[in-house]
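Novice: What follows is a single structure, and I will ask about it in a moment.
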Ligand code: UTP
Ligand code: MN
């Protein structure tokens, strides 16, 4: 038998020989052995891994941070390009001095990259730098889900959200547009010169970006995140059924958190009561496997009441997101008219199976005669629609989720109202689900309108109006010059009417 002490040592070594304890998987580090030596590299690798850093033994395309000691930027670049069969190094890799890694290890997590960490490289002659033209409307650009500038876009989006909390829409859209431009860039922004000729970057956004590039953080962003109002508004609007106006009124009355709502016995509507009751679950991201499990339930319900109906997953999951705040479905039927009144039946079926914790269904109120060209396209569409909360049994979720998901909340977390299922250790969770029904003839418009992202949709409508004299909604496209509706069976046809290159859902993450 191996003595206890030795066994322990073995475990520790296994843990640090690979990346099994890695907690910061967004940052993949490669330590350059050149001028450092093998033993120091292996010491730093073990130390870093024991602190949860992902440190790869060899250089590959997944590396985001290259760390070296006593090398110039050009030396590192040359070495890496040699390893890569002469391929020019991706713009998205940070070339850093060892000080970045030691500071990160001291602070316990990857610190923001600052100028002083960066190794200086001689700029390549212009002829080899491909000319990148970034168009000004988000619907003219391809925006992938994973991009290179989250350290900037996260900050800008905090300011956008804060502006939404004070109902300053113009300011919020300005920050969202700036962030969206940075998401479309095929390289990491390292200095202000990388932003030359880019559209949509206003003074305020540029100031924030500059501060982050120089100091690693923006004071305005940090103080916004810390502010009592921002935190309270975030917590309160996190209750399903609570909008900015209500949250703001509560904040002024001294209510700062969902538990304050219970304590002060606030009058709540049915949606808000459900929002409060399932607060913890509804603020926990829905995984793709959970979305698939919900899909199966919706599919079963819809085909039970209307065979031949078509159910499509919309929203973030259609764009390839791994997690979402809800699951969105669009339902239609090839025989126009047979989709009418479908939702109440679906809802009853789901209720009978005990699958609904909450639901509110609205009728379809769209009439082309009344709502079409005369009205500006509103972003609230008027389809038959059900806002619901599903009760999702973990046993119906594909097993890989069970392994990956945070363990069901059995002990550590208290449900906000003290009566939730968390404490009883039951194996289900609440999931927000939106069901929308569209007539077959509007299906392409509804699909485009419900795929998102929200900024992409907003920009599509702005493009249609300002550049094409057309009016786009989730129901129809109206050409004001020709004074007629343009019919479409596919999203591709709508992009073509709008004079835009087709952008697939996975690149609409504006
Ligand atoms: P979501 O709010 O569900 O966003 O709206 P999302 O992109 O799926 O991201 P998650 O859920 O936060 O992960 C989905 C799409 O539906 C449209 C929105 O514009 C967005 O494109 N939508 C939403 C409407 O058209 N009308 C609405 O009333 C709500
Ligand atoms: Mn969604």
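The values are calculated or read from the model by the stated rules, or taken from the named source; none is laboratory data. Since the model is a prediction, treat every value here as computed from it, not as a measurement. Quick reminder, even Gly has a Cβ in these numbers, built from the backbone with ideal geometry, and neighbours come from all protein chains shown.
Novice: Quick one: how many residues across region 309-347 are within 21 Å of residue 445 (Cβ to Cβ) and out of contact with any strand residue (DSSP E or B) (no Cβ under 9 Å at 6 or more places or on another chain)?
Specialist: Residues meeting the conditions: 4.
Novice: Going residue by residue through region 364-385, is there one that turns out to be within 16 Å of ligand 2 (Cβ to nearest atom), outside any strand (DSSP E or B), at pLDDT 70 or above and under 29 Å from residue 458 (Cα atoms)?
Specialist: yes
Novice: Within region 297-318, work out how many residues are part of a helix (DSSP H, G or I) and in contact (Cβ under 8 Å) with a residue 24 or more places away in the chain.
Specialist: In the first step, residues of region 297-318 are kept if they are part of a helix (DSSP H, G or I); the result is 297-305, 315-318.
Going one step further and asking which of them are in contact (Cβ under 8 Å) with a residue 24 or more places away in the chain, we end up with 297-298, 301-302, 304-305, 315-318.
Residues flagged as part of a helix (DSSP H, G or I) and in contact (Cβ under 8 Å) with a residue 24 or more places away in the chain within region 297-318 amount to 10.
Novice: Being assigned to a helix (DSSP H, G or I), within 16 Å of ligand 2 (Cβ to nearest atom) and on the phi < 0 side of the Ramachandran plot narrows it down to one of 294, 347, so name that one.
Specialist: 294
Residues checked against (1) farther than 27 Å from residue 114 by Cα; (2) under 21 Å from the mean Cα position of the chain (by Cα):
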position	(1), (2)
215	no, no
222	no, yes
233	yes, yes
258	yes, no
268	yes, no
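Novice: Is it the case that residue 284 is within 15 Å of ligand 1 (Cβ to nearest atom) and either surrounded by fewer than 17 Cβ atoms within 10 Å (Cβ to Cβ) or closer than 20 Å to residue 449 by Cβ (or both)?
Specialist: No; evaluated as a whole, the condition is false for this residue.
Novice: Tell me whether region 233-245 contains one or more residues that are over 23 Å from residue 454 (Cβ atoms) and surrounded by 16 or more Cβ atoms within 10 Å (Cβ to Cβ).
Specialist: no
Novice: Still on this structure, please answer the following. Can you name the condition, by its number, that residue 42 falls short on among (1) without any contact (Cβ under 8 Å) to a residue 24 or more places away in the chain; (2) in a helix (DSSP H, G or I); (3) closer than 22 Å to residue 187 by Cβ?
Specialist: The number of the failed condition is (3).
Novice: Give the residues of region 319-343 that are under 17 Å from residue 390 (Cβ atoms) and assigned to a helix (DSSP H, G or I), sorted by residue number.
Specialist: 343
Novice: For residues that are touching a residue at least 24 places away in the same chain (Cβ under 8 Å) and closer than 22 Å to residue 443 by Cβ, scanning just region 350-363, find the one that is nearest to ligand 1 (Cβ to nearest atom).
Specialist: Among them, the one singled out is 362.
Novice: Taking the criterion of being within 30 Å of residue 43 (Cα to Cα) and at pLDDT 95 or above, would at least one residue in region 181-191 satisfy it?
Specialist: Within region 181-191, one or more residues are within 30 Å of residue 43 (Cα to Cα) and at pLDDT 95 or above.
Novice: From the set of residues in region 424-457 that are within 8 Å of ligand 1 (Cβ to nearest atom) and in a helix (DSSP H, G or I), which is surrounded by the fewest Cβ atoms within 10 Å (Cβ to Cβ)?
Specialist: The extreme case among them is 454.
Novice: I'm trying to understand the selection: among the residues of region 458-487, which are surrounded by fewer than 22 Cβ atoms within 10 Å (Cβ to Cβ) and within 13 Å of ligand 1 (Cβ to nearest atom)?
Specialist: Answer for region 458-487, where residues must be surrounded by fewer than 22 Cβ atoms within 10 Å (Cβ to Cβ) and within 13 Å of ligand 1 (Cβ to nearest atom): 458, 461.
Novice: For region 299-331, enumerate the residues that are away from ligand 1 (no atom under 15 Å from the Cβ), buried (at least 18 other Cβ atoms within 10 Å of the Cβ) and over 21 Å from residue 358 (Cβ atoms).
Specialist: The answer is 306, 309.
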